[in-house]
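A.B. asks: For reference, the structure I am asking about is given below.
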Amino acid sequence: MTEPRIVSAAFVAASNDPGKLPAPTLAEVAFAGRSNVGKSSLLNAMMQRKSLARTSRTPGCTRQVNMFEVAFTDGLHVHLVDLPGYGYAKRSRSEKASWGPLLEGYLSTRSVLRAVTILVDVRRGPEEDDLDLVEFLQALETPPRILLAATKIDKLSRAQQKPAIEKVKRQFKGPIIGFSSVTGDGRDALWQRLRHAIANERSDKPE
Ligand SMILES: Nc1nc2c(ncn2[C@@H]2O[C@H](COP(=O)(O)OP(=O)(O)O)[C@@H](O)[C@H]2O)c(=O)[nH]1
Ligand SMILES: [Mg+2]
């Protein structure tokens with residue numbers, strides 16, 4: 001079978017108020033992680049668009065929820081959601097305070113949210129914030145599927161990649177995909193996981 005291809009990818013909305021996002025008509029998959037971990041780059045790689053999601057060398061630039069819509073040749077329509085980065089120390093206290101309600105508000109109110117991919121730098125592994133987020137998601141009434149993407153694997157040699165990914169997997173104990181936005185490694189595998197999550201209702205048992 002030939003793999004479904006992307007026919008369109010477009011920006012839909014950005015908001016710092018989850019209540020003002022478009023009505024939940026399509027299945028959604030969200031991407032979370034510390035600032036600078038590579039979320040926007042991963043989204044661009046997933047959508048095969050160079051700069052639809054803005055990327056930055058300055059951590060902490062995405063302070064809103066950004067929503068994109070992707071359509072495939074097989075008819076699949078899905079919203080991809082770039083969540084505000086967390087864990088960036090050099091922010092004012094009030095800015096930090098506003099991240100909690102936005103992230104938590106989004107994650108706990110979108111009935112169509114099927115999966116959350118948490119990105120961690122393959123060289124650092126999951127940190128306290130990441131594990132807190134896993135706990136928060138698992139405590140939701142109908143938890144979304146949780147996936148881990150170990151990013152920037154191109155920074156390691158081929159030989160170092162597998163053991164590094166295995167190490168992150170031991171710390172996280174869930175599905176994990178090594179990813180590089182530079183080489184595109186992990187892209188197909190992540191889409192496959194996401195498609196699987198999208199096809200399943202939230203109440204289904206995790207894999
Ligand atoms: N080598 C490498 N650099 C990456 C990768 N993903 C992101 N980066 C770089 O890491 C920085 C932060 O990326 P960005 O996508 O803006 O991170 P975000 O803050 O999580 O959205 C940028 O300088 C990117 O070019 C990757 O897979 N490999
Ligand atoms: Mg970003």
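The values are calculated or read from the model by the stated rules, or taken from the named source; none is laboratory data. From a predicted model like this one, the values you see are computed outputs, not experimental measurements. All Cβ positions, even for glycine, are placed from backbone atoms using ideal geometry, and neighbour counts span all protein chains on display. Heads up: the accessible areas ignore ligands, DNA and RNA and are worked out on the full protein's heavy atoms, side chains in. Shrake-Rupley method; radii C 1.70, N 1.55, O 1.52, S 1.80 Å.
A.B. asks: With a 1.4 Å probe and all protein chains kept in place, how do ARG193, ARG49, ARG110 rank by accessible area, largest first?
C.D. replies: Largest accessible area first, the residues go ARG49, ARG193, ARG110.
A.B. asks: In the stretch 6-199, what percent of the accessible surface is made up of carbon and sulfur (1.4 Å probe, ligands and nucleic acids excluded)?
C.D. replies: Heavy-atom surface of the stretch 6-199 belonging to carbon and sulfur, 1.4 Å probe: 48 percent.
A.B. asks: Defining a contact as two alpha carbons under 8 Å apart and six or more residues distant in sequence, what relative contact order in percent does the stretch 6-199 show? Each step should come with its number before you reach the end.
C.D. replies: Working: 341 pairs, mean separation 46.3, N = 194.
Here the relative contact order equals 24 percent.
A.B. asks: In this model, which of LYS39/LYS162; LYS20/LYS167; LYS20/LYS50; LYS20/LYS169; LYS50/LYS173 are farther than 30 Å apart at the alpha-carbon? Don't skip to the answer; put the middle values down first.
C.D. replies: On the way: LYS39/LYS162 21 Å; LYS20/LYS167 39 Å; LYS20/LYS50 27 Å; LYS20/LYS169 36 Å; LYS50/LYS173 32 Å.
Cα-Cα > 30 Å for LYS20/LYS167; LYS20/LYS169; LYS50/LYS173; rest within.
A.B. asks: Picking from GLU128, GLU104, GLU69, which is most flexible by a Gaussian network model of the chain using Cα springs under 10 Å?
C.D. replies: Per the Cα network of the chain with a 10 Å cutoff, GLU128 tops the list.
A.B. asks: Around THR117, which amide H atoms from residues at least 5 apart in sequence, or from another chain, sit under 5 Å from its own amide H, with H modelled in the peptide plane?
C.D. replies: The answer is ALA30, PHE31, ALA32, LEU147.
A.B. asks: Could I ask something else about it? Above 28 angstrom, tally the Cα pairs of the chain and express them as a % of all pairs, no decimals.
C.D. replies: The proportion of pairs with Cα distances above 28 Å equals 21 percent.
A.B. asks: Could you give the accessible area per residue of the chain, probe 1.4 Å, as a whole number in Å²?
C.D. replies: About 53 Å² of surface per residue is accessible.
A.B. asks: Then there's this: To one decimal place, what Kirkwood hydrodynamic radius in Å is obtained for the stretch 127-207 from all pairs of distinct Cα atoms?
C.D. replies: Working: mean 1/r = 0.0723 Å⁻¹.
That comes to 13.8 Å for the stretch 127-207.
A.B. asks: GLY178's amide H: which non-local residues (gap 5+, or another chain) put their own amide H closer than 5 Å, with H modeled 1.01 Å from N in plane and none for Pro or chain starts?
C.D. replies: Long-range HN contacts for GLY178: ALA150.
A.B. asks: On alpha-carbon atoms, Rg over Rh for the stretch 8-47 using Kirkwood Rh?
C.D. replies: Taking Rh as the inverse mean 1/r over Cα pairs, Rg/Rh reads 0.97.
A.B. asks: Lys/Arg Cβ at +1, Asp/Glu Cβ at -1, dipole of the chain taken about the Cα centre: which of ALA14, SER180, ILE146 is farthest positive-ward?
C.D. replies: About the Cα centre, the residue reaching furthest to the positive side is SER180.
A.B. asks: Compute a Gaussian network model of the chain, connecting alpha carbons closer than 10 Å, and tell me which residue from GLU127, GLU141, GLU28 fluctuates the most.
C.D. replies: GLU141
A.B. asks: Counting only protein chains, not ligands or nucleic acids, how are ARG170, ARG145 ordered by accessible area (probe 1.4 Å), most first?
C.D. replies: ARG170, ARG145
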